[in-house]
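**Q** Sharing a structure, written as structure tokens. Questions coming.
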């Protein structure tokens with residue numbers, strides 16, 4: 001005979017099963033990929049990857065499989081399995097230690113986990129030992145706004161070498177020398193990690209809208225770099 005108490009127990013059991021079925025871990029990897037950039041042979045660079053459980057059940061990382069490139073390793077010391085309760089995080093530390101010059105490297109690590117019954121989450125890595133300059137220019141345009149004849153406002157352009165060898169500046173030229181000029185000398189090279197400032201002066205020679213460009217020729221792929229110049233109105 002089925003009593004009310006038995007029905008109640010069955011209902012509670014059914015609700016627990018339903019809740020369990022909808023309770024799942026969710027893995028978030030930040031960042032999902034890392035570019036170590038240029039690292040000299042004989043040195044190492046480390047970066048962190050944060051694993052977060054954004055689900056409602058325990059996240060279990062059963063194994064962490066490394067890729068084929070031995071230059072990428074883990075140094076955090078965490079052993080698997082790693083169990084993260086909901087909202088819990090852990091930090092994995094990865095190291096890039098290149099061994100050969102003028103090479104690009106890539107690899108990945110796979111996190112074997114229990115999301116959706118068992119999935120593989122991949123973290124990708126890249127790095128290089130290629131000695132070359134890289135150029136960043138900020139901003140890529142200058143707007144001097146409304147300027148009165150006789151005023152000479154200046155604005156700065158910052159050139160940064162984010163590469164691993166000297167950046168050679170082969171030429172810097174204005175398309176409009178009547179209204180725009182540099183304050184001081186222009187560089188012929190930019191060392192790694194040492195920003196260079198170009199001070200650009202606007203001296204409108206007549207009324208009206210003024211436009212121009214700065215063309216920088218250099219030894220990086222994509223040369224030349226063009227910076228747009230302008231004012232809305234000179235009066």
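**Q** Could you check, for the range 38-46, whether at least one of its residues is surrounded by 15 or more Cβ atoms within 10 Å (Cβ to Cβ) and at pLDDT below 95?
**A** Keep residues of the range 38-46 that are surrounded by 15 or more Cβ atoms within 10 Å (Cβ to Cβ), which gives 38-39, 45.
The next check asks that each one be at pLDDT below 95; those that pass are 38-39.
The answer is yes; a qualifying residue exists.
**Q** In addition: Tally the residues that are assigned to a loop (DSSP other than H, G, I, E, B) and within 23 Å of residue 163 (Cβ to Cβ), restricting the search to the range 203-235.
**A** 6
**Q** On to the next question. Output yes when any residue across the range 90-97 is at pLDDT 95 or above, within 25 Å of the chain's Cα centre (by Cα) and loosely packed, with under 15 Cβ neighbours inside 10 Å, and no when none is.
**A** Initially, the range 90-97 is screened for residues at pLDDT 95 or above, giving 90-97.
Then keep just the ones that are within 25 Å of the chain's Cα centre (by Cα); that gives 90-97.
Add one more test, that the residue is loosely packed, with under 15 Cβ neighbours inside 10 Å, and what stays is 91, 93.
Yes, the range 90-97 has at least one match.
**Q** Then there's this: Checking residue 83 against (1) more than 22 Å from the chain's Cα centre (by Cα); (2) buried (at least 16 other Cβ atoms within 10 Å of the Cβ), which single condition isn't satisfied?
**A** Result: residue 83 fails condition (2) only.
**Q** Can we say residue 225 is crowded, with 17+ Cβ neighbours inside 10 Å and either at pLDDT below 95 or on the phi < 0 side of the Ramachandran plot (or both)?
**A** Numbers: crowded, with 17+ Cβ neighbours inside 10 Å: yes; either at pLDDT below 95 or on the phi < 0 side of the Ramachandran plot (or both): yes.
Considered against the rule, which asks whether it is crowded, with 17+ Cβ neighbours inside 10 Å and either at pLDDT below 95 or on the phi < 0 side of the Ramachandran plot (or both), residue 225 comes out as yes.
**Q** State yes or no: is residue 147 more than 30 Å from residue 111 (Cα to Cα), within 25 Å of the chain's Cα centre (by Cα) and in contact (Cβ under 8 Å) with a residue 24 or more places away in the chain?
**A** Details: more than 30 Å from residue 111 (Cα to Cα): yes; within 25 Å of the chain's Cα centre (by Cα): no; in contact (Cβ under 8 Å) with a residue 24 or more places away in the chain: yes.
It is false that residue 147 is more than 30 Å from residue 111 (Cα to Cα), within 25 Å of the chain's Cα centre (by Cα) and in contact (Cβ under 8 Å) with a residue 24 or more places away in the chain.
**Q** With the structure loaded, tell me whether residue 21 is out of contact with any strand residue (DSSP E or B) (no Cβ under 6 Å at 6 or more places or on another chain), at pLDDT 95 or above and either surrounded by fewer than 13 Cβ atoms within 10 Å (Cβ to Cβ) or part of a loop (DSSP other than H, G, I, E, B) (or both) or whether it fails that test. Outline the logic, then answer.
**A** Values: out of contact with any strand residue (DSSP E or B) (no Cβ under 6 Å at 6 or more places or on another chain): yes; at pLDDT 95 or above: no; either surrounded by fewer than 13 Cβ atoms within 10 Å (Cβ to Cβ) or part of a loop (DSSP other than H, G, I, E, B) (or both): yes.
No: the conditions fail for residue 21.
The values are calculated or read from the model by the stated rules, or taken from the named source; none is laboratory data. Since the model is a prediction, treat every value here as computed from it, not as a measurement. Note that we place each Cβ from the backbone using ideal geometry, even for glycine, and neighbour counts take in every protein chain shown.
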